[in-house]
Amino acid sequence: MRILDLAYILALGAGLGLGTAHWAVAGRPALGKIEVGAWAAWPRSGGRDVDPYMRAYLARGVHLPLGSGEGLELIAEHDDDGQALDGRCRYRLSGATPPARSWTIGITDGEGLPFRLPLERRSFTDSEIVRPEDGRMLIVAAATPEAGNWLPLPVSGRFQIRLRLYDTPISTQTGETRAANLPRIARLDCR
Amino acid sequence: MNALDHGTMAAHPPAGHWRARLRAGLARAIMTTLAGLMLAAIVHIVTILAVPALSQRDAAHAYRELGTEGHAALVPPPGNPQGLPPLREADPDVVTAICSYDLSAGPVRVVARTGALPLGLTLHRQGGGVIYAITDRAAIRDVLEFLVMTEAQRDERIAADEEGETSRELRVVSDTEQGLIVARVLMRLPSDRADAEALATGVACETAG
């Protein structure tokens, strides 16, 4: 009976321990995540004090995160109403961007890779967009062509919007940033 | 009469006896499960801490051969002839060049000339973690320069410094002997690619005497 007990303890310990460790770092870990509106960021991923879960996640693939003093990456997987981003819908990205020397905004799949679309427009930089009179940002993300700043989406399926701010003071105080200081993601309509 | 009683008891043990056995079995199952859960917690923590040290698929291993000729080399695109894996979660508007460093032969001097495009330099130690980040805003007369060294090499340099004089060089301590120096240049417009690549690959990283 004792051997059975020992085998049970070892199987439970190894199975559950390895299983939960794999699950915890298979994607970006929940620990260290800061959410502002629809955007999520992991500001400590680019510093010396990176937490063990983020460190393990980064070590499992070829990652080179932005350094804390270099910039900040924000990822949106859902719109302002909390609905998952879907290629069948049209989205309006508007509003302000935090103070930064430069920024880029792009569409990627869940792994952070750009989609292979017929049109070579995967992202915009702050120098590329056409701005209205008030100087604010206005981009429409849709699978079909749009007037103005248009970011093509895949015809269907989930996607992410990645906003990268370069040389920004908010990388050290991301948690104190208000949602109003980041671009809003509004769903316009769906097919 | 007594013998008859004894026989009846052997065939049908009292309910109290079964209850005690059931309780003992349950206690044993709870104890072994608790022990299993405690072991699982230990295995979980040890695995998470061991992954960065044991991983052979991280950027420091994948790009170990890049930029060993004294200047940064561009991260090759997916499907390159060297068979290097592509950089994950990379910004398509950024040109990335890498200098792999090994401090066993001495400190490494990094010199970057700045240009019109935003340039960022970061130091990624082996096993994860950015140990230093600087942008071209910190450049003095359009040059960014710093020395990467181990703690022991820094102590040696401090000992060799002239008494009473302040050293003007920027010293960055790396807690691992190997790592990557990453130069990122943002292309504001697609036509900036050639300038961005020249700026990124122009980052010099040589072993300092």
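Of the residues making up the range B:121-158, those that are closer than 22 Å to residue B:106 by Cα and of a type in the set (S, T, N, Q) are B:122, B:126, B:150, B:153. Confirm whether residue A:85 is away from every other protein chain (no Cβ under 14 Å), more than 16 Å from the chain's Cα centre (by Cα) and more than 23 Å from residue B:78 (Cβ to Cβ). Judged against the criteria, residue A:85 is not a match.
Scanning the range B:158-202 for residues being part of a loop (DSSP other than H, G, I, E, B) and touching a Lys or Arg at 6+ places or on another chain (Cβ under 8 Å) gives a total of 6. Exactly one residue out of A:60, A:48, A:44, A:55 is facing chain B (nearest Cβ under 8 Å), buried (at least 19 other Cβ atoms within 10 Å of the Cβ) and of a type in the set (D, E, K, R): that is A:55.
Going by the conditions given, is residue A:66 part of a strand (DSSP E or B) and either crowded, with 21+ Cβ neighbours inside 10 Å or among the hydroxyl-bearing types (Ser, Thr, Tyr) (or both)? Considered against the rule, which asks whether it is part of a strand (DSSP E or B) and either crowded, with 21+ Cβ neighbours inside 10 Å or among the hydroxyl-bearing types (Ser, Thr, Tyr) (or both), residue A:66 comes out as no. Would it be correct to say that residue B:115 is surrounded by fewer than 21 Cβ atoms within 10 Å (Cβ to Cβ), at pLDDT below 90 and closer than 18 Å to residue A:70 by Cβ? For residue B:115, the condition - surrounded by fewer than 21 Cβ atoms within 10 Å (Cβ to Cβ), at pLDDT below 90 and closer than 18 Å to residue A:70 by Cβ - is met.
The values are calculated or read from the model by the stated rules, or taken from the named source; none is laboratory data. Given the structure is predicted, the values throughout are model-derived calculations rather than measurements. When we count neighbours, we look across all protein chains shown, and the Cβ atoms used for this are built from the backbone with ideal geometry, even at glycine.
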